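Reading through the structure tokens given below for one structure.
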Amino acid sequence: MRSHLLNRTTAEDYRRSVTAGVDQVAARFASVERPFSGMDADGLGPVIDAIDLDRPLGDTAAALDELGEVYLRDAVYFHHPRYLAHLNCPVVIPAVVGEAVLSAVNSSLDTWDQSAGGTLIERRLIDWTAARIGLGPAADGVFTSGGTQSNLHALLLAREEAKLRPEEFGRLRILTSECSHFSVQKSAKLLGLGPDAVVSVPVD
Ligand SMILES: Cc1ncc(COP(=O)(O)O)c(C=O)c1O
């Protein structure tokens, strides 16, 4: 297990392993002919269930081969020109490089002493983004992991803006289209709103 730790003695292994992973994904991107193989959860379930987690494969190459079978082969490829379903955007290469760097360094952004650089970069980017949108100098923000967390943040701000005491939260209502994402319902629960808080509005 120690041999898997990323440190000065394993830097070369890190380079080799990540390159093998990148090669595997790049080959997939270069050859994939349709956005989706059609394999659904019912079909994939037994494949995933059959993996014996108590018997590790031994090395990264074997794990990548397995990943090809259980994930990459049937993943949905947003980058494909014929991908038209949901709103997911294609991925840009610099972002993938950024993610790879982040996962390797694994900074903890919760305190200044653990990540001055990362936190300053985040603040600078937020200020720059807010200025570009024209939100004014008082604007602030935070990067989120995606839609669920963004909806939660937005609804938290709305709840705070209502300036109610916790025992009054049951009065709050969220009007949301019947097509809205289920994370709105989840956020309402997390924010301590009542069971009837989300009002689904029909659309035509
Ligand atoms: C409107 C909306 N909110 C939330 C989400 C959930 O996003 P995530 O998976 O990034 O949390 C989605 C995902 O498609 C969405 O379309």
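Structure notes:
- All conditions but one from (1) modelled with pLDDT of 95 or more; (2) within 30 Å of L191 (Cα to Cα); (3) of a type outside the set (G, A, S) apply to R132; the one that does not is (2).
- Any hit, the stretch 46-59, residues being open to solvent by less than 60 Å² (accessible area, probe 1.4 Å) and either within 16 Å of the ligand (Cβ to nearest atom) or hydroxyl-bearing (S, T, Y) (or both): no
- Residue in the stretch 23-41 that is farthest from E66 (Cα to Cα), counting only those that are in contact (Cβ under 8 Å) with a residue 40 or more places away in the chain and open to solvent by 50 Å² or more (accessible area, probe 1.4 Å): R34
- Consider the stretch 151-169 and keep the residues that are assigned to a helix (DSSP H, G or I) and either in the same structural domain as L87 (by TED's automatic domain parsing) or in contact with a Leu (Cβ under 7 Å, 6 or more places away or on another chain) (or both). The one that is surrounded by the most Cβ atoms within 10 Å (Cβ to Cβ) is L155.
- Residue tally, condition among the β-branched types (V, I, T) and within 19 Å of L157 (Cβ to Cβ), over the stretch 117-141: 3
The values are calculated or read from the model by the stated rules, or taken from the named source; none is laboratory data. Computed from a prediction, not measured in an experiment: that's the story for all the values here. As a convention, Cβ positions derive from the backbone with ideal geometry for all residues, glycine included, and neighbour counts pool all protein chains shown. Remember, those area values only see protein heavy atoms, side chains included, never the ligands or the DNA or RNA. Shrake-Rupley method; radii C 1.70, N 1.55, O 1.52, S 1.80 Å.
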